[in-house]
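Novice: Have a look at the structure that comes next, please.
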Amino acid sequence: EADPENKYALVIDEINRGNISKIFGELITLIEVDKRAGCKNELTLTLPYSGATFSVPSNLDIIGTMNTADRSLTHIDVALRRRFDFTELRTDYSLIPENIDGINLQRMLYAINQRIELLLDREHILGHALLMHVSSINDIERAFKTGIMPLLEEYFFESWDKINRVLNDNGFIEEQKGAYNIWLGNADDYAAKSYRINFNALQSVDAYKRIYSEVDASAFVELA
């Protein structure tokens, strides 16, 4: 209000997880573009505690962020949908390194996301932030160990077969052969297969390449 010549922004992170009526209160009407100060349908309210008059300046942008994968967790208030423009920000593969120790990270993440979209849905694809700051095979290993693998386990509810398909059977997931014989002896009628992450494979350059190397190059045209 004191600096009308410049634009300002207020960012509300994870807005879909909040109580919209408590976040905005009476502001839910005042933030509409045509009801800002100086606009055609300008509105001014009297604040209940101070008694002061209040309106929203026209040079203020309000930006709310949310993860698309969280959409099912919290109902998005209809009033919020009416007052905000929704802009989808997809994974930007150009923001991650193309080649680290011979591994094409852009193709690798793209291949993983294409399989996630086919086996689950497009709302759960992995973002570029997971691999933006890697510079060595050790960084990639850390990203998979602490970020990507836990996410895949959560997304697929430890359906190891699907996780294995996302990774193109590259050796990151291994079956514990004969585990039931060790712990159950011959009474294996009710035994399920047991899987685990092969942490040694997370250090293999070839294992990362296998995620995308068998896919025809024409499938990666979107990365060009």
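Novice: Among the numbered criteria (1) part of a loop (DSSP other than H, G, I, E, B); (2) open to solvent by 30 Å² or more (accessible area, probe 1.4 Å); (3) in contact (Cβ under 8 Å) with a residue 12 or more places away in the chain; (4) under 14 Å from PHE220 (Cβ atoms), which one does THR91 miss?
Specialist: Tallying (1) part of a loop (DSSP other than H, G, I, E, B); (2) open to solvent by 30 Å² or more (accessible area, probe 1.4 Å); (3) in contact (Cβ under 8 Å) with a residue 12 or more places away in the chain; (4) under 14 Å from PHE220 (Cβ atoms), THR91 fails exactly one: (2).
Novice: Among what's in region 190-224 and is among the aromatic types (Phe, Trp, Tyr) and open to solvent by 40 Å² or more (accessible area, probe 1.4 Å), pick the residue that is modelled with the lowest pLDDT. Please lay out each step first, then the result.
Specialist: To start, the set of residues in region 190-224 that are among the aromatic types (Phe, Trp, Tyr) comprises 190, 195, 199, 208, 212, 220.
Checking the rest, the ones that are also open to solvent by 40 Å² or more (accessible area, probe 1.4 Å) come to 190, 195, 199.
Working: TYR190: 63, TYR195: 85, PHE199: 93.
The extreme case among them is TYR190.
Novice: Here's another thing I want to ask about it. Do any residues in region 126-144 that are over 18 Å from THR91 (Cβ atoms) have Cβ atoms under 6 Å from those of residues that are part of a loop (DSSP other than H, G, I, E, B), where the two are at least six apart or on different chains, and which pairs are they?
Specialist: From region 126-144, the pairs are ILE137/ASP101.
Novice: Now, a different point. Got a number for residues in region 120-136 being open to solvent by 30 Å² or more (accessible area, probe 1.4 Å) and under 25 Å from TRP160 (Cβ atoms)? Working first, answer last.
Specialist: Taking region 120-136 first, the residues open to solvent by 30 Å² or more (accessible area, probe 1.4 Å) are 120-125, 127-130, 132-133, 135-136.
Still in the running and under 25 Å from TRP160 (Cβ atoms): 120-125, 127, 130.
The total comes to 8.
Novice: Among the candidates THR68, THR53, THR91, single out the residue that is over 30 Å from ASN170 (Cβ atoms) and among the β-branched types (Val, Ile, Thr).
Specialist: Working: THR68 fails: over 30 Å from ASN170 (Cβ atoms); THR91 fails: over 30 Å from ASN170 (Cβ atoms).
Answer to the check: THR53.
Novice: Shifting gears a bit: Search region 1-34 for residues being closer than 15 Å to MET66 by Cα and either touching a Lys or Arg at 6+ places or on another chain (Cβ under 8 Å) or among the acidic types (Asp, Glu) (or both), and hand back the single one that is surrounded by the fewest Cβ atoms within 10 Å (Cβ to Cβ).
Specialist: ASP13
Novice: Please find, among ILE100, ILE112, the residue that is modelled with pLDDT of 95 or more and over 23 Å from THR68 (Cβ atoms). Can you show your working first?
Specialist: Working: ILE112 fails: over 23 Å from THR68 (Cβ atoms).
Within the list ILE100, ILE112, the selection yields ILE100.
Novice: Might you let me know whether region 41-49 holds any residue that is out of contact with any helix residue (DSSP H, G or I) (no Cβ under 9 Å at 6 or more places or on another chain), assigned to a loop (DSSP other than H, G, I, E, B) and either of a type in the set (Val, Ile, Thr) or surrounded by 10 or more Cβ atoms within 10 Å (Cβ to Cβ) (or both)?
Specialist: Step one: list which residues in region 41-49 are out of contact with any helix residue (DSSP H, G or I) (no Cβ under 9 Å at 6 or more places or on another chain), which gives 46-49.
Still in the list and also assigned to a loop (DSSP other than H, G, I, E, B): 47-49.
Okay, now just the ones that are also either of a type in the set (Val, Ile, Thr) or surrounded by 10 or more Cβ atoms within 10 Å (Cβ to Cβ) (or both), so 47.
The answer is yes, given that some residue of region 41-49 is out of contact with any helix residue (DSSP H, G or I) (no Cβ under 9 Å at 6 or more places or on another chain), assigned to a loop (DSSP other than H, G, I, E, B) and either of a type in the set (Val, Ile, Thr) or surrounded by 10 or more Cβ atoms within 10 Å (Cβ to Cβ) (or both).
Novice: Let me ask another. Name the residues in region 58-69 that are in a loop (DSSP other than H, G, I, E, B) and loosely packed, with under 14 Cβ neighbours inside 10 Å, would you?
Specialist: Residues of region 58-69 in a loop (DSSP other than H, G, I, E, B): 58-59, 65-67.
THR65, ASN67 - these are the residues of region 58-69 that are in a loop (DSSP other than H, G, I, E, B) and loosely packed, with under 14 Cβ neighbours inside 10 Å.
Novice: Of the conditions (1) surrounded by fewer than 13 Cβ atoms within 10 Å (Cβ to Cβ); (2) of a type in the set (S, T, N, Q); (3) within 19 Å of VAL215 (Cα to Cα), GLN106 clears all except one; give me its number.
Specialist: With respect to (1) surrounded by fewer than 13 Cβ atoms within 10 Å (Cβ to Cβ); (2) of a type in the set (S, T, N, Q); (3) within 19 Å of VAL215 (Cα to Cα), GLN106 is out only on (1).
Novice: Could I ask something else about it? Scan region 71-80 for residues that are more than 13 Å from PHE24 (Cα to Cα) and either modelled with pLDDT of 65 or more or hydroxyl-bearing (Ser, Thr, Tyr) (or both) and report the count.
Specialist: First, pick out the residues of region 71-80 that are more than 13 Å from PHE24 (Cα to Cα): 71-76, 78.
In the following step, the residues that additionally are either modelled with pLDDT of 65 or more or hydroxyl-bearing (Ser, Thr, Tyr) (or both) were identified as 72, 74, 76, 78.
Residues flagged as more than 13 Å from PHE24 (Cα to Cα) and either modelled with pLDDT of 65 or more or hydroxyl-bearing (Ser, Thr, Tyr) (or both) within region 71-80 amount to 4.
Novice: What residue, among those in region 163-189 that are more than 23 Å from the chain's Cα centre (by Cα) and modelled with pLDDT of 80 or more, is most open to solvent (accessible area, probe 1.4 Å)? Explain how you work it out, then say what you get.
Specialist: At the first step, the residues of region 163-189 found to be more than 23 Å from the chain's Cα centre (by Cα) are 169-171, 174-189.
Filter once more, keeping what is modelled with pLDDT of 80 or more: 169-171, 174-175.
Details: ASP169: 91, ASN170: 15, GLY171: 27, GLU174: 57, GLU175: 61 Å².
Restricting to residues being more than 23 Å from the chain's Cα centre (by Cα) and modelled with pLDDT of 80 or more, the top hit is ASP169.
Novice: Still on this structure, please answer the following. In region 7-40, how many are farther than 20 Å from ARG81 by Cα and either assigned to a strand (DSSP E or B) or touching a residue at least 40 places away in the same chain (Cβ under 8 Å) (or both)? Don't jump to the end; show me each part of the working.
Specialist: As a first pass, look at region 7-40 and keep what is farther than 20 Å from ARG81 by Cα: 7-8, 37-40.
From what is left, the residues that are either assigned to a strand (DSSP E or B) or touching a residue at least 40 places away in the same chain (Cβ under 8 Å) (or both) are 7-8.
Looking only at that region, the number is 2.
The values are calculated or read from the model by the stated rules, or taken from the named source; none is laboratory data. None of these values were measured; they are calculated from a predicted model. In this analysis, Cβ positions are derived from the backbone assuming ideal geometry, glycine residues included, and neighbour counts consider all displayed protein chains. Protein only, heavy atoms only, side chains kept; ligands, DNA and RNA dropped before computing areas. Shrake-Rupley method; radii C 1.70, N 1.55, O 1.52, S 1.80 Å.
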